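Before any comments, here is the structure.
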Amino acid sequence: MQGVQDEARAISARVNACFGTPGYTPIVLIDAPVTPQEKATYYAPAECCVVSAVRDRLNRIPYIYTVCRQESTTLGDDSPKQSVIVLSEFVSCSPSLSGVIRVNLWSVESVAEAMNAALRMPEAEQRLRHEKHYRF
């Protein structure tokens with residue numbers, strides 16, 4: 001487990017060094033317990049949510065993320081609500097969320113392509129997907 005944590009830290013450090021700017025850190029790696037209020041604080045401004053569980057029970061993260069994006073006051077009441085979710089096809093809630101980008105976690109190329117698609121997705125499509133998830 002320590003090896004995986006070390007690798008995650010190293011990768012996030014490289015990405016942040018390459019793509020970060022003063023005041024902006026692309027990857028926030030949290031390696032400690034987080035309260036529900038803290039999670040909501042992170043979810044609300046997050047432009048993309050990646051759920052990469054290989055196996056789980058009912059994973060509520062995509063639903064909570066969508067509600068946090070919808071109900072956020074920090075984004076401004078007039079701003080259109082939009083979100084992108086990259087979701088492991090192995091997660092139990094995957095079939096119920098038709099607007100997510102599904103990935104096979106065992107394929108690094110598939111995950112990379114999904115992340116790229118999420119980051120490059122037009123805002124209009126992000127709004128449509130978000131609305132579909134929120135209405136669900």
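Extension gain for residue 5-residue 39 works out to 10.3 nm (0.36 nm per residue, less the C-alpha to C-alpha distance). Sort the stretch 47-123 into rounded, prolate or oblate with this rule: let a ≥ b ≥ c be the square roots of the eigenvalues of the Cα gyration tensor; rounded if a/c is under 1.5, and if a/c is not under 1.5, prolate when a/b is larger than b/c, oblate otherwise. Oblate. Dipole orientation for the stretch 33-135: of the candidates 90, 116, 52, 90 has the Cα lying most toward the positive pole (charges on Cβ; Lys, Arg +1; Asp, Glu -1). Select from 72, 96, 12 the residue whose mean-square fluctuation is largest in a Gaussian network model of the chain (Cα-Cα springs shorter than 10 Å). With Cα springs under 10 Å in the chain, the top fluctuation among 72, 96, 12 is at 12.
Around the Cα centre of the stretch 33-135, unit charges on the Cβ atoms of Lys, Arg, Asp and Glu (plus for the first two, minus for the last two) sum to a dipole of about 320 debye.
Would you mind ranking 86, 91 by Cβ crowding within 10 Å, fewest neighbours first?
86, 91
Springs between Cα atoms under 10 Å define the GNM used for the chain, and in it the highest mean-square fluctuation of 67, 108, 100 occurs at 108. Answer with a single label: of (1) 1.06; (2) 1.13; (3) 1.25, which was calculated as Cα Rg over 2.2 N^0.38 Å from the structure in view? Working out Cα Rg over 2.2 N^0.38 Å from the coordinates points to (1). Neighbour counts of other Cβ atoms within 10 Å put 102, 120 in the fewest-to-most order 120, 102.
Bear in mind that the values in this text are calculations on the coordinates, not laboratory data. On a predicted model such as this, the values are computed, not experimentally measured, just so you know. Neighbour counts are summed over all protein chains in view; Cβ atoms, including those assigned to glycine, are modelled from backbone coordinates with ideal geometry.
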